1. Within the range 1-19, how many residues are of a type outside the set (Lys, Arg), open to solvent by 10 Å² or more (accessible area, probe 1.4 Å) and in a loop (DSSP other than H, G, I, E, B)?
2. Where residues in the range 41-58 are in contact with a Gly (Cβ under 8 Å, 6 or more places away or on another chain) and crowded, with 17+ Cβ neighbours inside 10 Å, which of them is nearest to Lys316 (Cα to Cα)?
3. Residues in the range 217-230 that are closer than 20 Å to Pro305 by Cβ and either surrounded by fewer than 17 Cβ atoms within 10 Å (Cβ to Cβ) or at pLDDT below 90 (or both): how many?
4. Quick one: how many residues across the range 246-263 are open to solvent by 40 Å² or more (accessible area, probe 1.4 Å) and small (Gly, Ala, Ser)?
5. For the range 104-147: of the residues being of a type in the set (Gly, Ala, Ser) and at positive phi, which is surrounded by the most Cβ atoms within 10 Å (Cβ to Cβ)?
6. Is at least one residue of the range 263-275 modelled with pLDDT under 95, hydroxyl-bearing (Ser, Thr, Tyr) and within 26 Å of Glu15 (Cα to Cα)?
7. So which of Ser22, Ser85 ends up being of a type outside the set (D, E, K, R), under 24 Å from Gly207 (Cα atoms), in a loop (DSSP other than H, G, I, E, B) and open to solvent by less than 60 Å² (accessible area, probe 1.4 Å)?
8. So, restricting to helices (runs of 4 or more DSSP H) that lie completely within the range 234-328, which ones have at least 2 residues that are touching a residue at least 24 places away in the same chain (Cβ under 8 Å) and among the hydroxyl-bearing types (Ser, Thr, Tyr)?
Amino acid sequence: MKKTIALLTGGTTGEWVVSVKSAATIAQNIDPNLYDVYKIMLNEKGWFYEPADSVKIEIDKNDFSLTLEGRKIKFDGVFIAIHGSPGEDGKLQGYFDMLGIPYTACDALTSSITMNKGYTKAVVAGIDKLYTAKSVQIFKGGNYNLNQIKQDLRLPYFVKPNSGGSSIGMSKVKHADDLETAIEKAFKEDSQILIEEFVSGREFSVGIFGAEGKVIVLPATEVIPKNEFFDFEAKYTPGATEEITPGRMSAEEVTRVQQVVKDVYQKLNCRGVVRIDYFLEEGTGKFYFIEINTIPGQTATSFIPQQVAAMGITLKEFYTLLMKETLG
């Protein structure tokens, strides 16, 4: 029996553009012999299905169903491909939990915690062989002292919105005088900010997913930005970064990284595919956790499709594994 799947795309943040591209890759690679897929667009105007040949059809949010030519369609599961809110922050997960509809992503609690970089760092602290950059978390309208921050942290700093994705609103501060401007820029994106010490090292991004009862680590991608750091422009401009998959790591580093990221996946109670970004510190080779992404990009040039190819399986096989594990 084929399963009927809703592929959710769009969202209410600037990342909706990437979500639409991710959903296109996923739709092209889901096995049509196993799944009937309906692509559902979610944005400020509503939730709707847009068949190629007719007008938009509104989704009934009472039971997340669709009425098509007089026939009511209910879904066996949902593939969430929305980056940012409400697909990555736990809101949709909570809604589907209440309706009893399974989905491909982490649960509501994990999704909402991992959207907050500061909280995530607090949860993963203490994992063996995992390090985090020294940081200060500040709140808009809160009581923070710039001079104290400058005393506590070593330059340069990274200033980033705590919950934003796609590196929007992020700055690298090399001179203490520029801290205030960077904070203002980040506060335009979020009411909480993380100010972190810069870790000098090589940057990597690695996908991890659960399948057939096991946690599987994909080959990591090494990220070499031509810009100062991996910002929105570097992330989405062709040629703005050099990406090497599998990244250049020694056998010892590969083994250690795989263990650390599996521990993170388990400690945060992840499901489906997630992506963890990390540095290997210059000189020491220590693993520094940057962040975790619970709805990683699936566009043709995104890391996950690159890593799946490097592992030697097709995207169709990968999505089938993912959906069998999470949707039953």
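1. Result for the range 1-19: 5.
2. Per the criteria, the residue is Met41.
3. Residues in the range 217-230 being closer than 20 Å to Pro305 by Cβ and either surrounded by fewer than 17 Cβ atoms within 10 Å (Cβ to Cβ) or at pLDDT below 90 (or both): 3 in total.
4. So the count comes out to 2.
5. Among residues in the range 104-147 that are of a type in the set (Gly, Ala, Ser) and at positive phi, the one surrounded by the most Cβ atoms within 10 Å (Cβ to Cβ) is Gly126.
6. Checking the range 263-275: not a single residue is modelled with pLDDT under 95, hydroxyl-bearing (Ser, Thr, Tyr) and within 26 Å of Glu15 (Cα to Cα).
7. Checking each option against the conditions leaves just Ser85.
8. Correct list: 315-327.
The values are calculated or read from the model by the stated rules, or taken from the named source; none is laboratory data. Everything numeric in this text was worked out from a predicted model, so none of it was measured. Using ideal geometry, Cβ is built from the backbone for each residue, glycine included, and neighbour counts are taken over all protein chains shown. The area values use the complete protein model at the heavy-atom level, side chains included, leaving out ligands, DNA and RNA. Shrake-Rupley method; radii C 1.70, N 1.55, O 1.52, S 1.80 Å.
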